[in-house]
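Notes for the one structure printed next.
The values are calculated or read from the model by the stated rules, or taken from the named source; none is laboratory data. Quick caveat: nothing in here was measured; it's all calculated off a predicted structure. Note that we place each Cβ from the backbone using ideal geometry, even for glycine, and neighbour counts take in every protein chain shown. Each accessible area value is taken on the protein alone, full model and side chains, heavy atoms only, with ligands, DNA and RNA left out. Shrake-Rupley method; radii C 1.70, N 1.55, O 1.52, S 1.80 Å.
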Amino acid sequence: MAAPAPLLRIAVVTLFPELIEAASRYGITGRALEMALWRLWCVNPREFATDNHRTVDDRPYGGGPGMVMLAGPLEQALDAAAARISADGGSAKPKVVYLTPQGERLAHERVLALKEDGDLVLLAGRYEGIDERLLERRVDLELSLGDYVLSGGEFPALVLIDALVRQLPGATNDPDSIREESFADGLLDCPHYTRPEVHGGAAVPPVLLSGNHALIRRWRLKQALGRTWLRRPDLLSGRRMSDEEARLLQEFKRESSLE
Ligand code: 9WO
């Protein structure tokens, strides 16, 4: 019998392929690689540099500080990345994603949508940016993790890979842990506790030791609602609440005003 096809194929175009390969071998992403739930290829644009110095960057037209990545080697690297995915039985035209502060802010819904696409080429830039003509010709989607500048797109690419792979069936041992965690239902996570029962003078909330699972579920939902209200009220405004949720949040608000 033939091996089952991987659920996700990702090729990363990067000047630091070892960084992507090494980090991907750890934890859930590493185990999922061994289980062949996904496949990873890295393509270094330096392989496609045309001069003796293997140059992949040059000074910006118009002047100014820093260097800009050349369109030519990157375009060939993107072609090679797509060819790897296609040769593995994947799409001949995988979606190309560029990680940049200028992109759409990444959120859970986009992670789920990209996982459905299945075949992705991630473009990790360095220096001060990439020649705009390459981006116009070859990039389908620009994604940002937040409003800060890093020294390259490799860590954001690894964040996206981690977010995608942990959504694959079989990647985590507990499918419930994905359904109940932050953002799966639009709420922040509830607090967690483990042994000992008292640490630094603080006891574990008694309800968690009660063994009453209906009560524990209600407490956790109430904490999740309360924390979301306190820390991320924006997440609640666009969300319709069940009667139980509305009641639990009212309780939380009343109790927090009494403290
Ligand atoms: C560097 C720089 C230096 C001086 C003046 C302006 C400058 N802009 C940049 C810059 O944006 N460099 C980028 C580094 C080029 C593309 C890859 N780099 C990157 C990606 N930095 N931060 C990201 C990123 C990606 C996704 N989410 C957050 C940050």
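Summary table below
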{"quantity": "Bridge type composition, the chain - antiparallel percent by DSSP, nearest 5", "calculated": "15 percent"}
{"quantity": "Heavy-atom accessible area order for Phe16, Phe252, Phe155, largest first, 1.4 Å probe", "calculated": "Phe155, Phe16, Phe252"}
{"quantity": "Cα centre as origin, Lys/Arg/Asp/Glu Cβ charges: region 105-259 dipole, Debye", "calculated": "560 debye"}
{"quantity": "Charge dipole (debye, nearest 20) of the chain; +1 at Cβ of Lys and Arg, -1 at Cβ of Asp and Glu", "calculated": "600 debye"}
{"quantity": "Charge context of Lys95, other residues only, Cβ under 14 angstrom, K/R +1, D/E -1", "calculated": "-1"}
{"quantity": "Percent carbon-and-sulfur accessible area, region 8-165, ignoring ligands, DNA and RNA, probe 1.4 Å", "calculated": "50 percent"}
{"quantity": "Probe 1.4 Å, accessible area per residue of the chain, Å²", "calculated": "59 Å²"}
{"quantity": "Dipole of the chain, positive end: most advanced residue of Ala171, Asn52, Leu258 [Cβ charges, Cα centre]", "calculated": "Leu258"}
{"quantity": "Separation between Cα centres of region 88-120 and region 1-70, rounded to whole Å", "calculated": "15 Å"}
{"quantity": "Accessible-area value, Lys253, 1.4 Å probe, nucleic acids and ligands omitted, Å²", "calculated": "60 Å²"}
{"quantity": "Apportionment of accessible area to carbon and sulfur, region 180-258, percent (1.4 Å)", "calculated": "53 percent"}
